[in-house]
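S.K.: Could you have a look at this structure, given as structure tokens, before my questions?
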Amino acid sequence: MATPLTGLQHRDVGGVAVMATVNQIDSSSSNTLSKKQSSPIHIFLYFHKAIRSELDALHRSAIDFATNVHVEIEPLLKRYHFLRSIYQHHCNAEDEVIFPALDIRVKNVARTYSLEHEGETVIFDQLFALLDSDMKNEESFRRELASCTGALQTSISQHMSKEEEQVIPLLVEKFSFEEQASLVWQFLCSIPVNMMAEFLPWLSASVSSDERQEMRSCLCRVIPEEKLLQQIIFTWMDGVNMFKKRKNLEGDVTHHCSSISEESCACSSRSIKRESFLRSSDSPLERPVDEILHWHKAIEKELIDIAEAARRIQSSGDFSDLSAFNKRLQFIAEVCIFHSIAEDKVIFPAFDAELSFAQEHAEEETEFDKFRCLIESIENDGANSSSSEFCSKLCSHADRIMAIIGNHFKNEELQVLPLARKHFSPKKQRELLYKSLCVMPLRLIECVLPWLVGSLTEEDAKSFLHNMRMAAPASDTALVTLFSGWACKGRPQETCLSSNATGCCSAKSFLEENDGSGPPLCPCNLPTKRSSLTSRKESNGFGTPGTLTVQVKQSCCVPGLGMNSNKLGTGSTKSLRSLSFGPSAPCLTSSVFNWETGISLIDEGIGWPIDTIFKFHKAIRKDLEFLDIESAKLSESNESFLHQFNGRFRLLKGLYKAHSNAEDNIVFPALESKETLHNVSHSYTLDHKQEEKLFEDISASLSKLCELHDKNNSISRSYAELATKVQGMCKSIRVTLDQHILREELELWPLFDIHFSIEEQDKLVGRIIGTTGAEVLQSMLPWVTFALTQEEQDRMMDTWKQATKNTMFTEWLNEWWDESSPSDASSSASDKNISQGSELHEVLDPNGYTFKPGWKDIFRMNENELESEMRKVSSDPTLDPRRKAYLMQNLITSRWIAAQQKLPQGSESDESDGERLHGCSPSFRDEEKQIFGCEHYKRNCKLRAACCQKLFTCRFCHDNVSDHTMDRKATTEMMCMNCLKVQPVGPVCSTPSCNGLSMAKYYCSYCKFFDDERTVYHCPFCNLCRLGQGLGIDFFHCMTCNYCLGIKLLDHKCREKGLETNCPICCDFLFTSSAAVRALPCGHFMHSACFQAYACTHYICPICSKSMGDMSVYFGMLDALMASEVLPEDYRNRSHDILCNDCGKKGSAPFHWLYHKCGYCGSYNTRVIKVDQVSDFLH
């Protein structure tokens, strides 16, 4: 990809984004001013300040309009149109110049900001749709307009803040001073001329006098050192009224050149007397509007040439010159598009009758886009393309464009021109034509004028320039001089249309009149002082053979812009703005994704695992819509609605924060880890910070709103104002998040399909939900599934279950989610305790051996049959250790359990009797202080075991005195140790006398677990309560190991279900152990206490024999010991064949009774596999 910076040597530098912050402009900050002086690119800070100021003033006016019924909307409309025009052209210039240049040096940054420009265009469209709607007479219109204006202000302000934090520092870092100056100059030359005349005075008025002077100095370093160009820019900047004043004060700003004799100028080759021809009212063309026909003819001729070129390509089959063909197409496409804009914005509005060719203009632009895409696809496919098919399409597209534009021009000539000739005077016609020309930017006009004039006869060309000068206001004298000089470049050598038409060279006479010092100068031979910055070769960018060529006169009396126009244009941004962008997100199967990636994201109804994360966007949109629409009801001061709205907002805030954290900590780092995707997510991280601030602002305002409501029952003025403010903030958060998640779906979502395998996506999903706590999941799952269709719900749950297949997630899910499938419900029921009294069955994996004896069958089994069943369970490879242990234990105690089920149950009144209920008395953790609990836990209740109906403080107390274990999850009743009342299990005592006494600080409704001392959380994937702050805080759940690990162990060696085994030292089951567990480097686990005791005498894993830590110091000591030892002579030449336990390689080592060093890794953790009696071992 060619660099868009003309005359610059491309620097091959890295593409790593930097986190730097550019401070907003502060006139009192000398540091900021010094930065601006050192970097031309910092002139964009002035642009941003002016836009912020305009947005702030517009928002204040909109608020005033909303609160004051006497304020009219007409002044607001003008400001809306002005802001839209200014900002739109600012964005277009960035997309055409700044972002393509940045994308060459730093990949994956510019495209996001270009998409944001598209999103802001959508917001403007929605705002103007509201202004054009029938709501103007409705009461809610004013508040809605203020809300939309606030949303626009928030969106644009955040966008500019991100540019100042990421884009501007990158431009300063990656581009030299000359390159930055060239970029700014190209930026200015890409803004339409008519907008520059408004943009620069508005910009100058928006900053302080010191900043204005600094901006002027910056522009002097940016504009090429050509007097005419600087004259034009500073005339625009000062405005018409300040032109003379500026000219007197700016003697030291403009730069003078050495004098050159008049004889060297071709413009002076003709001895024609100077006459005041410019003031003549006689026109050589009585109907100036007929010059539109010149444009039509030139465009049609160019299209015919393009069609012929397409046929030549078809006949020759040579695609080598497609890039030049594409440049030519881009040029004529731009000419047609700006011609259409001029008609829509200048010509048609001048008629009283309703004239519109909007449909034709849109169709033409669409066809040009299709044509360009076809050419790009041919260039990209290369040898893989079918030449005959592409050639046929190429010719058919060219013919179709010719036919469409030909019909369009014919209709205009029949409908528009007769009306213009009839209703407009020659002066008005000239003015319309001049304004139409000024719709184009300078960089396009520099190419268009020679191209157009070159297609005219000399008489028509003179008339064209004469009408242009007659129509231009006095303040545009320098600009018209520049245009005239550019037009002369389209004529043969030694021909000056300006001198022929006016009696002298207009460029030369202008410079003589505006230069009071030194002899008269002609700029045609001015030396190029910034030759290192810009190429002074004047070309329209189409010098390649076979493309558009214009005869360029090298001795023309006006300077060029110093930029190659073929580096810019509508095609330059297609790589960044290639995706469709609308108010709603496209579906996964839409052509937006397929066109961009070439791969369908959904194959036969089966989505990718990562789609689950983006499904949250649908739920987010649904809640954002609720906040936006329902916030209008806040002004009604309804208490119940206010609390409902506040609760809905808090839920969205918490869940969106969890979603953003998952993206920032897991998803985005995964994208950045791919070499081709560096910097792709930085902008979205900045979005999350800004959105968090928006949520906090709304939260604070809602809290204040609730306080005002509680203080005043009636609606006060302050309450109404705050409610209107909250409504606007809700609109802003909706617009901001809508655009943010849409950009994620357009830019980031397809990247997972291209760069990540199914397994990698599964792992990402597992990591995300592995850092999400049970409480968040319990709120999140119903919230998300409510917004999805049944098919989408099933896909999401299938993905989650696949990612958590090694865990107890499904078991936890079925315990509380009522909408679980019947199969899941039956599987969950099989895990319940046998105390229900019915014939429950233990259902195992249906794919392998299934153990299904009922309790009656077990009761009838003899000892041999029970042993046989236990052996079957023990040898079943499909069972995990936890399930095996559970079944084996129940089989061993099956006779006693079954007998207990057959005992008659006492009545409820009998069980409530303290004398007949075992354990119906308080127990104490500290009897002296009367603190309830036991030696294991501090709590204020006892649990009633479902297996034996006895009361125990905890399951450990039960298991210590019973011949069976207690299933605490089957517990349904508890006894408050304060009032000794047996009641349903819960976090507080339900007895009135206890006044809501808490049973413990922590209560888990899943595990029926109480703890009043430690910090505990419930892991939905272990389906157990564990010590710690929670998932995502200090622990995460590894889906492969199926265990909660410290957050510092994110990078660890996974071993599938590694903790579902016994400790190799004490043989206790690690998964359910309450003691701390330590992970070894080899991937095995043991209790931390067991490790401390074992490591005193061993350094190898008792399971795999690998070293349990860094043994380099110990092995160094052995090296010293081995070097100091002298073996008997009979053993010196002997060796052993060894196997290294650490690296797993076989080798040989010198004979020794104890120590044998691995020759590969240097470890002494080896074993002898063969002993050589005598060998020639020398090393």
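The values are calculated or read from the model by the stated rules, or taken from the named source; none is laboratory data. Source: prediction; values computed, not measured. Note: ideal-geometry Cβ built from the backbone for every residue, glycine included; neighbour counts use all protein chains shown. The area values use the complete protein model at the heavy-atom level, side chains included, leaving out ligands, DNA and RNA. Shrake-Rupley method; radii C 1.70, N 1.55, O 1.52, S 1.80 Å.
S.K.: Can you pull out every residue in segment 159-180 that is open to solvent by less than 30 Å² (accessible area, probe 1.4 Å), part of a helix (DSSP H, G or I) and either hydrophobic (A, V, I, L, M, F, W, C) or over 12 Å from HIS42 (Cα atoms) (or both)? Talk me through it step by step, then tell me what you get.
M.R.: Within segment 159-180, the first condition is being open to solvent by less than 30 Å² (accessible area, probe 1.4 Å), and the residues that meet it are 159-160, 162-164, 166-171, 174-175, 179-180.
If we keep only those that are part of a helix (DSSP H, G or I) as well, we get 159-160, 162-164, 166-171, 174, 179-180.
Once the filter is applied, which keeps residues that are open to solvent by less than 30 Å² (accessible area, probe 1.4 Å), part of a helix (DSSP H, G or I) and either hydrophobic (A, V, I, L, M, F, W, C) or over 12 Å from HIS42 (Cα atoms) (or both), segment 159-180 yields HIS159, MET160, LYS162, GLN166, VAL167, ILE168, LEU170, LEU171, LYS174, GLU179.
S.K.: Are any residues in segment 306-316 of a type outside the set (Ser, Thr, Tyr) and either open to solvent by 40 Å² or more (accessible area, probe 1.4 Å) or in contact with a Lys or Arg (Cβ under 6 Å, 6 or more places away or on another chain) (or both), and if so, which ones?
M.R.: Pass one, segment 306-316, residues of a type outside the set (Ser, Thr, Tyr): 306-314.
Of everything in segment 306-316, those that are of a type outside the set (Ser, Thr, Tyr) and either open to solvent by 40 Å² or more (accessible area, probe 1.4 Å) or in contact with a Lys or Arg (Cβ under 6 Å, 6 or more places away or on another chain) (or both) turn out to be GLU308, ARG311, ARG312, GLN314.
S.K.: Can you tell me how many residues within segment 762-804 are more than 17 Å from CYS1025 (Cβ to Cβ), in contact (Cβ under 8 Å) with a residue 40 or more places away in the chain and outside any helix (DSSP H, G or I)?
M.R.: Total meeting the criteria: 4.
S.K.: If you don't mind, another one. Would you confirm whether or not segment 1051-1066 contains a residue that is of a type in the set (A, V, I, L, M, F, W, C), modelled with pLDDT of 90 or more, within 21 Å of THR807 (Cβ to Cβ) and part of a loop (DSSP other than H, G, I, E, B)?
M.R.: Yes: segment 1051-1066 contains one or more residues that are of a type in the set (A, V, I, L, M, F, W, C), modelled with pLDDT of 90 or more, within 21 Å of THR807 (Cβ to Cβ) and part of a loop (DSSP other than H, G, I, E, B).
S.K.: Hey, another quick one. Of the conditions (1) of a type in the set (Val, Ile, Thr); (2) buried (at least 23 other Cβ atoms within 10 Å of the Cβ); (3) closer than 21 Å to LEU83 by Cα, VAL193 clears all except one; give me its number.
M.R.: Of (1) of a type in the set (Val, Ile, Thr); (2) buried (at least 23 other Cβ atoms within 10 Å of the Cβ); (3) closer than 21 Å to LEU83 by Cα, only one is false for VAL193: (2).
S.K.: Would you pick out the residues in segment 64-93 that are among the aliphatic types (A, V, I, L, M) and either over 31 Å from the mean Cα position of the chain (by Cα) or open to solvent by 70 Å² or more (accessible area, probe 1.4 Å) (or both)? Outline the logic, then answer.
M.R.: At the first step, the residues of segment 64-93 found to be among the aliphatic types (A, V, I, L, M) are 66, 69, 71, 73, 76-77, 83, 86, 93.
Result: ALA66, VAL69, VAL71, ILE73, LEU76, LEU77.
S.K.: Mind checking which pairs have a first residue in segment 293-305 that is within 15 Å of PHE368 (Cα to Cα) and a second that is open to solvent by 30 Å² or more (accessible area, probe 1.4 Å) and in a helix (DSSP H, G or I), Cβ under 6 Å, 6 or more apart or different chains?
M.R.: Pairs that qualify, where the first residue is within 15 Å of PHE368 (Cα to Cα) and the partner is open to solvent by 30 Å² or more (accessible area, probe 1.4 Å) and in a helix (DSSP H, G or I), are LEU303/MET402.
S.K.: For segment 410-439, what are the residues that are out of contact with any His (no Cβ under 9 Å at 6 or more places or on another chain), closer than 21 Å to PHE331 by Cα and of a type in the set (A, V, I, L, M, F, W, C)?
M.R.: LEU433, LEU437, CYS438, listed by residue number.
S.K.: Starting from residues that are among the acidic types (Asp, Glu) and surrounded by 12 or more Cβ atoms within 10 Å (Cβ to Cβ), keep the ones in segment 689-706 and report whichever is nearest to HIS643 (Cα to Cα). Give the steps one after another, and end with the answer.
M.R.: Quick first cut of segment 689-706, residues among the acidic types (Asp, Glu) only: 691-692, 696-697.
Retained after the next criterion (residues that are surrounded by 12 or more Cβ atoms within 10 Å (Cβ to Cβ)): 691-692, 697.
Numbers: GLU691: 23, GLU692: 22, ASP697: 18 Å.
If we take residues in segment 689-706 being among the acidic types (Asp, Glu) and surrounded by 12 or more Cβ atoms within 10 Å (Cβ to Cβ), then ASP697 is nearest to HIS643 (Cα to Cα).
S.K.: Please find, among VAL193, VAL184, the residue that is among the hydrophobic types (A, V, I, L, M, F, W, C) and touching a strand residue (DSSP E or B) at 6+ places or on another chain (Cβ under 7 Å). Even if it seems obvious, please write down each step before you answer.
M.R.: Details: VAL184 fails: touching a strand residue (DSSP E or B) at 6+ places or on another chain (Cβ under 7 Å).
Testing whether each residue is among the hydrophobic types (A, V, I, L, M, F, W, C) and touching a strand residue (DSSP E or B) at 6+ places or on another chain (Cβ under 7 Å) leaves just VAL193.
Results for (1) open to solvent by less than 30 Å² (accessible area, probe 1.4 Å); (2) modelled with pLDDT of 90 or more; (3) of a type in the set (Val, Ile, Thr), shown as yes or no for each residue.
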residue	(1), (2), (3)
LEU1080	yes, no, no
CYS1104	no, yes, no
LEU1127	no, no, no
ARG1132	no, no, no
ASN1141	yes, yes, no
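S.K.: What are the residues in segment 752-792 that are closer than 30 Å to HIS678 by Cα and acidic (Asp, Glu), if any?
M.R.: Taking segment 752-792 first, the residues closer than 30 Å to HIS678 by Cα are 752-772.
Listed by number, the residues that qualify are ASP753, GLU759, GLU760, ASP762.
S.K.: Run down CYS1066, CYS1025, CYS1007 and say which single residue is open to solvent by less than 20 Å² (accessible area, probe 1.4 Å) and outside the structural domain of SER779 (by the TED database). It would help to see each step written out before you state the result.
M.R.: On the way: CYS1066 fails: open to solvent by less than 20 Å² (accessible area, probe 1.4 Å); CYS1025 fails: open to solvent by less than 20 Å² (accessible area, probe 1.4 Å).
Only one candidate qualifies: CYS1007.
S.K.: I'd like the residue in segment 940-968 that is under 17 Å from TYR886 (Cβ atoms), in a loop (DSSP other than H, G, I, E, B) and in contact (Cβ under 8 Å) with a residue 24 or more places away in the chain and, out of all such residues, is nearest to the chain's Cα centre (by Cα).
M.R.: Start the filter on segment 940-968 by keeping residues that are under 17 Å from TYR886 (Cβ atoms), which leaves 945-947, 955, 958-959, 962-968.
Pick out the ones that are also in a loop (DSSP other than H, G, I, E, B) and you get 945-947, 962-967.
From what's left, in contact (Cβ under 8 Å) with a residue 24 or more places away in the chain: 945-947, 963-965, 967.
Working: ALA945: 53, ALA946: 52, CYS947: 55, ASP963: 59, HIS964: 56, THR965: 52, ASP967: 48 Å.
Only one residue fits best here, namely ASP967.
S.K.: Further question on the same structure: Mind counting the residues in segment 715-745 that are in a helix (DSSP H, G or I) and over 15 Å from PHE626 (Cβ atoms)? Spell out the reasoning first.
M.R.: From segment 715-745, those in a helix (DSSP H, G or I) are 717-745; that's our starting set.
Those left that are additionally over 15 Å from PHE626 (Cβ atoms): 717-725, 728, 732, 736, 739-745.
Of the residues in that region, 19 qualify.
S.K.: Next question, about the same structure. Looking at (1) open to solvent by 10 Å² or more (accessible area, probe 1.4 Å); (2) at pLDDT 80 or above; (3) outside any loop (DSSP other than H, G, I, E, B); (4) not hydroxyl-bearing (Ser, Thr, Tyr), which one does MET215 not meet, given that it meets all the others?
M.R.: All conditions are met except number (1).
S.K.: Moving on. Based on this model, can you work out whether MET1111 counts as in contact with a Lys or Arg (Cβ under 8 Å, 6 or more places away or on another chain), open to solvent by less than 70 Å² (accessible area, probe 1.4 Å) and farther than 30 Å from THR1072 by Cα?
M.R.: No; evaluated as a whole, the condition is false for this residue.
S.K.: Quick one: in segment 969-984, which of the residues that are in contact (Cβ under 8 Å) with a residue 40 or more places away in the chain, outside any loop (DSSP other than H, G, I, E, B) and aliphatic (A, V, I, L, M) is nearest to PRO1020 (Cα to Cα)? Even if it seems obvious, please write down each step before you answer.
M.R.: The initial filter retains those residues of segment 969-984 that are in contact (Cβ under 8 Å) with a residue 40 or more places away in the chain, namely 969-970, 975, 977-978, 980, 982.
From what's left, outside any loop (DSSP other than H, G, I, E, B): 969-970, 975, 982.
Now narrow it down to the ones that are aliphatic (A, V, I, L, M): 970, 975, 982.
Numbers: ALA970: 17, MET975: 27, VAL982: 29 Å.
In this case the residue turns out to be ALA970.
S.K.: Evaluate segment 1050-1063: report whether one residue or more is within 29 Å of ASP762 (Cα to Cα), among the charged types (D, E, K, R) and surrounded by 18 or more Cβ atoms within 10 Å (Cβ to Cβ). Full working, then the answer.
M.R.: Of all residues in segment 1050-1063, those within 29 Å of ASP762 (Cα to Cα) come to 1050-1062.
Narrowing the set further to residues that are among the charged types (D, E, K, R) leaves 1051, 1053, 1055-1057, 1060.
If we keep only those that are surrounded by 18 or more Cβ atoms within 10 Å (Cβ to Cβ) as well, we get 1055, 1060.
Yes, segment 1050-1063 contains a residue that is within 29 Å of ASP762 (Cα to Cα), among the charged types (D, E, K, R) and surrounded by 18 or more Cβ atoms within 10 Å (Cβ to Cβ).
S.K.: Moving to a separate point now. Can we say LEU456 is more than 21 Å from ALA298 (Cα to Cα), at pLDDT 85 or above and of a type in the set (A, V, I, L, M, F, W, C)?
M.R.: Working: more than 21 Å from ALA298 (Cα to Cα): no; at pLDDT 85 or above: yes; of a type in the set (A, V, I, L, M, F, W, C): yes.
Against the criterion (more than 21 Å from ALA298 (Cα to Cα), at pLDDT 85 or above and of a type in the set (A, V, I, L, M, F, W, C)), LEU456 does not qualify.
S.K.: Kindly establish whether SER640 is out of contact with any Cys (no Cβ under 9 Å at 6 or more places or on another chain) and surrounded by fewer than 16 Cβ atoms within 10 Å (Cβ to Cβ).
M.R.: Working: out of contact with any Cys (no Cβ under 9 Å at 6 or more places or on another chain): yes; surrounded by fewer than 16 Cβ atoms within 10 Å (Cβ to Cβ): yes.
Taking the combined requirement at face value, the residue satisfies it.
S.K.: Run down LYS1001, LYS1008 and say which single residue is closer than 23 Å to THR810 by Cα and either basic (Lys, Arg) or modelled with pLDDT of 90 or more (or both). Steps first, please.
M.R.: Details: LYS1001 fails: closer than 23 Å to THR810 by Cα.
LYS1008 is the lone residue from the list that is closer than 23 Å to THR810 by Cα and either basic (Lys, Arg) or modelled with pLDDT of 90 or more (or both).
S.K.: If you don't mind, another one. Is it the case that LEU102 is surrounded by 21 or more Cβ atoms within 10 Å (Cβ to Cβ) and either touching a strand residue (DSSP E or B) at 6+ places or on another chain (Cβ under 8 Å) or not assigned by the TED database to the domain that holds LEU742 (or both)?
M.R.: On the way: surrounded by 21 or more Cβ atoms within 10 Å (Cβ to Cβ): yes; either touching a strand residue (DSSP E or B) at 6+ places or on another chain (Cβ under 8 Å) or not assigned by the TED database to the domain that holds LEU742 (or both): yes.
So LEU102 fits the description; yes.
For (1) in contact with a Gly (Cβ under 6 Å, 6 or more places away or on another chain); (2) free of Cβ contacts under 8 Å to residues at least 60 places away in the same chain; (3) not small (Gly, Ala, Ser); (4) not assigned by the TED database to the domain that holds PHE82, each residue gets a yes or a no:
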site: GLN180; (1), (2), (3), (4): no, no, yes, no
site: VAL184; (1), (2), (3), (4): no, no, yes, no
site: PHE187; (1), (2), (3), (4): no, no, yes, no
site: ASN194; (1), (2), (3), (4): no, no, yes, no
site: PHE199; (1), (2), (3), (4): no, no, yes, no
site: SER204; (1), (2), (3), (4): no, yes, no, no
site: SER208; (1), (2), (3), (4): no, no, no, no
site: GLN213; (1), (2), (3), (4): no, yes, yes, no
site: SER217; (1), (2), (3), (4): no, no, no, no
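S.K.: Is it the case that VAL765 is modelled with pLDDT of 85 or more, in the same structural domain as GLU636 (by the TED database), under 20 Å from ALA662 (Cβ atoms) and among the aliphatic types (A, V, I, L, M)?
M.R.: Details: modelled with pLDDT of 85 or more: yes; in the same structural domain as GLU636 (by the TED database): yes; under 20 Å from ALA662 (Cβ atoms): yes; among the aliphatic types (A, V, I, L, M): yes.
It is true that VAL765 is modelled with pLDDT of 85 or more, in the same structural domain as GLU636 (by the TED database), under 20 Å from ALA662 (Cβ atoms) and among the aliphatic types (A, V, I, L, M).
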